[in-house]
Amino acid sequence: MLPYLLVSRSAEYETRLRALLGERLAVIPGEFLTFGPDAVVSRTNGQPRVALLGPVLNYEETKGLVEALAVKHPDLGLIVVREQRSDLEDWVDELSLHAVLSPDASDDTTLALLDRLSAWLVANGRAEVHDFDAPLALEVDDMPFVELVDESVGADDIAAVPEAEPEPEPAVPEWEFPPLEAGTPSEAIAVVAPKGGQGKTTIAINLATGLAEVAPNSVVLVDADLQFGDITAALALEPTRTIVDAVADVAADEIVLKTTLTHHDDGFFVIASAPSPELGDQVAPLALARLIERLRATFRYVIVDTTPGLGEHTLVTLEHVTDAVFVTNMGVPSLRAMRTEFELLTRLGLMPGNRHLVVNQTDKNSGLTIKDVEHIIGAPVDVEVPKSSAVLLASNRGVPLIHDDVRDPAAKAIRSIVLRIAPEAFPKRSKIQRRRRTSEPE
Ligand SMILES: Nc1ncnc2c1ncn2[C@@H]1O[C@H](COP(=O)(O)OP(=O)(O)OP(=O)(O)O)[C@@H](O)[C@H]1O
Ligand SMILES: [Mg+2]
């Protein structure tokens with residue numbers, strides 16, 4: 001068996017490594033990458049233990065190789081052979097590499113690294129000593145193996161690169177997550193608007209509150225207004241984790257994902273927005289889509305509050321929901337924008353199966369009737385939510401409106417949106433009023 005594998009476009013490096021490793025090295029020319037990573041991986045024989053990728057492979061090629069190799073040889077040690085560059089840390093972080101080795105590293109340095117990585121693989125049960133047929137370095141520990149070996153950088157630089165800090169043990173959530181019974185449909189509802197400030201967040205919060213009466217603790221509200229999300233502030237919650245944690249690789253584990261949720265006393269969970277716009281920018285649209293799908297496997301209702309407009313995140317969200325609640329006020333520019341949004345989504349085939357058009361902050365003095373509104377948008381209005389000072393009051397108190405003031409006309413109108421999504425929802429007045437009294441200031 002050949003424990004070492006080299007995929008490289010450098011004949012010179014290949015010759016050097018052959019001289020060092022002799023019969024223990026298998027080489028697959030990097031030219032095969034022209035036909036994709038699988039063309040390379042399908043040529044690996046037996047069970048290589050350590051792969052050296054490079055030099056002269058670009059990031060995309062290396063990424064493709066790492067992913068394909070990880071599928072076929074999950075225990076493989078991975079070394080990228082590449083000179084020191086400012087982007088090297090990104091390679092290490094994003095590609096789950098074990099080490100980076102300069103092509104100019106001396107023979108001794110190269111062999112010492114291979115020995116250390118081999119020893120680490122053995123110590124972690126990923127390989128047997130005899131696989132390498134060579135003496136192993138003796139001192140190993142069970143820390144993750146990540147090394148940067150480049151003789152042109154000092155020891156301090158090397159120490160600066162390595163592995164992300166070990167994740168703290170996830171706390172076991174204290175809340176019950178009622179299991180979603182097989183066959184129970186999970187519904188995902190996006191709350192969207194072409195312009196800002198129309199009432200998306202207000203409606204999303206109250207939808208979560210209303211749906212939690214139907215499915216207690218089986219509702220999650222995702223604040224996907226990634227830059228300026230304000231749901232936790234509006235609900236007076238203090239999240240310890242955010243959407244940035246929820247889309248991180250480590251949250252692929254269900255228990256870890258659940259620790260990113262913040263519980264609200266009204267029986268729903270919140271995934272808080274990013275703690276800063278910069279961190280929000282790091283949440284990729286596809287990561288958001290994956291998150292929605294994963295939440296749908298656990299929760300009866302997934303509600304997604306969005307950024308105004310039809311950015312990539314909102315488009316991808318619309319692709320992964322069953323319902324969309326479109327919110328506009330009665331301003332003519334907003335209504336026109338809504339018409340354009342409808343036309344665009346229909347053209348793109350992205351209009352979710354269930355559409356709910358909500359005109360918020362309706363006002364008799366606006367100079368427009370609902371007929372005018374429908375004419376401008378070109379679609380029938382489903383729910384009218386009147387302008388009400390109770391909305392702002394509830395928000396300032398950090399309480400969902402429909403539990404803060406059950407008799408308010410805006411609260412009743414928002415309840416009718418809940419009913420469109422869950423016809424079995426009904427106001428449990430005694431319960432709600434009791435809760436309200438206990439939350440009243442004394
Ligand atoms: N029906 C209503 N009556 C009175 N005020 C309302 C009503 N609906 C929302 N508001 C107020 O309008 C403001 C904007 O509402 P909200 O934050 O829900 O909008 P948004 O669409 O989420 O905004 P953004 O685009 O900034 O995220 C808030 O101050 C809210 O209290
Ligand atoms: Mg908002």
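The values are calculated or read from the model by the stated rules, or taken from the named source; none is laboratory data. Please read these numbers as outputs of a predicted model, since none were measured by experiment. In this analysis, Cβ positions are derived from the backbone assuming ideal geometry, glycine residues included, and neighbour counts consider all displayed protein chains. The area values use the complete protein model at the heavy-atom level, side chains included, leaving out ligands, DNA and RNA. Shrake-Rupley method; radii C 1.70, N 1.55, O 1.52, S 1.80 Å.
Listed values, structure above:
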read-out	value
Amide proton proximity set for residue 47, modelled H, under 5 Å, gap of 5+	2
The stretch 331-409-the stretch 59-123 distance, computed between alpha-carbon centres (Å)	54 Å
Cβ-Cβ FRET estimate between residue 407 and residue 63, R0 fixed at 41 Å, reported to 0.05	0.10
Amide H within-cut-off set for residue 82, under 5 Å, with H built and near neighbours excluded	101, 102
Residues of the stretch 316-336 with amide N under 16 Å of the 7 Å Cα→Cβ point at residue 365	330-331
Most to least packed among 414-420, 365-371 [average Cβ atoms within 10 Å]	414-420, 365-371
GNM top mover of 304, 220, 66 - the chain, alpha-carbon springs below 10 Å	66
Extension gain, residue 228 back to residue 279 (0.36 nm per residue minus Cα-Cα distance, nm)	17.3 nm
Residue 384 accessible area, 1.4 Å probe, all protein chains in place, Å² to nearest 10	90 Å²
Accessible area of residue 412 in the full protein assembly, 1.4 Å probe (Å², nearest 10)	100 Å²
Cβ-Cβ FRET estimate between residue 182 and residue 263, R0 fixed at 30 Å, reported to 0.05	0.75
Carbon + sulfur, % of accessible area of the chain - ligands and nucleic acids excluded, 1.4 Å	51 percent
Semi-axis lengths, Å, the chain, gyration tensor of Cα atoms, sqrt of 5 times eigenvalues	55, 23, 18
Accessible surface, 1.4 Å probe, highest first, among residues 407, 397, 241, 336	336, 407, 397, 241
Accessible area expressed per residue, the chain, with surrounding protein chains retained (probe 1.4 Å, Å²)	48 Å²
Long-range lysine pairs (8 or more apart or interchain), the chain, Cα under 15 Å	5
DSSP bridge orientation in the chain - percent antiparallel, rounded to nearest 5	5 percent
Nearest-ten-degree value, helix 409-421 long axis tilted from longest Cα axis of the chain	50 degrees
Distant-in-sequence amide H partners of residue 26 (H built 1.01 Å from N, under 5 Å)	4, 5, 6
Largest-first principal axis extents, alpha carbons of the stretch 187-439, Å	52, 47, 32
Three-way shape label, the stretch 1-65, alpha-carbon gyration tensor, a/c 1.5	oblate
